[in-house]
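Input: a single structure, listed below in structure tokens.
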Amino acid sequence: MSTLAHTMMTAARSADSGLASSGGLDRYPYAEASADRVGAPAWEGTDPELGRVSRRAAGSRGRGLHGQLVQQLGQMIVSGDLGADRPLVPEEIGQRFEVSRTVVRESLRVLEAKGLVSARPNVGTRVRPVSDWNLLDPDIIEWRAFGPQRDDQRRELSELRWTIEPLAARLAAGHGREDVQQRLSDMVEIMGHAMGQGDALTFARADAEFHSLLIQVAGNRMLEHLSGIVSAALQVSGGPVTGCERPNEASLAHHGRIVDALADGDGAAAEAAMRQLLTVHPEVERVVPAPREH
């Protein structure tokens with residue numbers, strides 16, 4: 001095993017064993033949407049432990065109070081527990097989640113930047129409609145993927161990946177950088193060792209780096225900007241949507257074929273291998289057509 005593979009697998013094993021997956025977080029347990037979206041704020045009457053942000057364990061990303069409150073409010077908005085045009089009163093939020101006004105103010109600014117809320121003079125802060133959300137934001141992708149919209153989010157991510165990644169693979173074949181080739185090969189090696197040892201966490205991390213690196217080396221800055229979306233898709237998939245999500249021989253083989261095609265400078269072969277990878281699982285055939293044999 002290479003030094004890189006050993007290091008990455010050791011790091012993965014030292015991660016919190018309580019996480020369900022590589023993208024596991026201290027998530028807000030979504031409540032069933034209420035038919036009545038007006039009246040008292042959604043957090044009234046709920047389990048008080050959900051509001052004590054200051055006492056909740058930080059998630060795997062090491063969030064502080066500010067980050068945890070962003071997660072709580074973001075998930076509640078995306079789940080529909082805080083409906084569109086609902087007023088958000090900072091004082092009420094601070095009392096409910098036991099945090100300072102500064103933490104509330106900073107959190108609302110982050111949510112405003114994501115398009116989830118808007119703050120206007122004499123109107124206050126209100127939840128914005130879905131059409132205004134930045135649906136390409138990795139946090140919103142995650143919140144949708146673990147909320148009531150999970151099926152739509154995973155389908156949309158699969159469709160987006162089908163559009164982005166085959167093109168990225170084709171373009172990457174024209175950039176024969178040896179350092180990148182080696183790094184991609186290392187990721188395939190790590191995935192192989194991880195699969196042999198039943199280490200799904202290490203497999204997922206190497207897989208995410210493989211796909212992110214492939215997009216970054218495509219030489220298209222607009223595609224590179226979307227690499228975070230693919231990483232988020234891999235982290236929140238949570239179900240059998242593409243061949244990357246469950247370690248298996250077929251998935252590993254397709255990753256290897258992509259690397260071989262890039263080494264040969266064969267863009268068509270790299271694109272075809274990526275399409276095969278994204279359709280390893282039959283569920284995908286309901287989303288995108290399987291590639292035709294030539």
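Assess whether Ala290 counts as being open to solvent by 40 Å² or more (accessible area, probe 1.4 Å), more than 24 Å from the chain's Cα centre (by Cα) and modelled with pLDDT under 85. So Ala290 fits the description; yes.
Which of the residues belonging to the stretch 196-217 are at pLDDT 90 or above and in contact with a His (Cβ under 7 Å, 6 or more places away or on another chain)? Within the stretch 196-217, just Phe210 meets the criteria. Looking at Ala269, Ala250, just one residue is over 21 Å from the mean Cα position of the chain (by Cα), within 23 Å of Arg177 (Cα to Cα) and modelled with pLDDT of 65 or more, and that residue is Ala269. For Ala172, the test of being closer than 25 Å to Leu136 by Cβ, out of contact with any His (no Cβ under 9 Å at 6 or more places or on another chain) and at pLDDT 80 or above is passed. Scanning the stretch 139-150 for residues that are assigned to a helix (DSSP H, G or I) and either crowded, with 20+ Cβ neighbours inside 10 Å or modelled with pLDDT of 85 or more (or both) yields a count of 7.
Scanning the stretch 101-127 for residues that are open to solvent by less than 60 Å² (accessible area, probe 1.4 Å) and either more than 20 Å from Ala145 (Cβ to Cβ) or not in a loop (DSSP other than H, G, I, E, B) (or both) turns up Val103, Val104, Ser107, Leu108, Val110, Leu111, Val117, Ser118, Ala119, Gly124, Thr125, Val127.
Residues are listed down the side, and each one gets a yes or a no for (1) over 13 Å from the mean Cα position of the chain (by Cα); (2) closer than 21 Å to His225 by Cα:
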position	(1), (2)
Ala113	yes, yes
Ala119	yes, no
Asn134	yes, yes
Arg161	no, yes
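Considering only residues of the stretch 197-217 that are not acidic (Asp, Glu) and not in a helix (DSSP H, G or I), which is nearest to Arg170 (Cα to Cα)? So, considering only residues that are not acidic (Asp, Glu) and not in a helix (DSSP H, G or I), the one nearest to Arg170 (Cα to Cα) is Val217.
Among residues of the stretch 151-204 being closer than 26 Å to Ala269 by Cβ and β-branched (Val, Ile, Thr), the one that is most open to solvent (accessible area, probe 1.4 Å) is Thr163. In the condition set (1) modelled with pLDDT under 90; (2) open to solvent by less than 60 Å² (accessible area, probe 1.4 Å); (3) assigned to a helix (DSSP H, G or I); (4) out of contact with any helix residue (DSSP H, G or I) (no Cβ under 6 Å at 6 or more places or on another chain), Asp81 is compliant with all but (3).
The values are calculated or read from the model by the stated rules, or taken from the named source; none is laboratory data. Small disclaimer: the values here were computed from a predicted structure and weren't measured. So basically every Cβ, Gly included, is an ideal-geometry build from the backbone, and we count neighbours across all protein chains shown. Accessible surface is based on the protein model in full, side chains and every heavy atom, while ligands, DNA and RNA are left aside. Shrake-Rupley method; radii C 1.70, N 1.55, O 1.52, S 1.80 Å.
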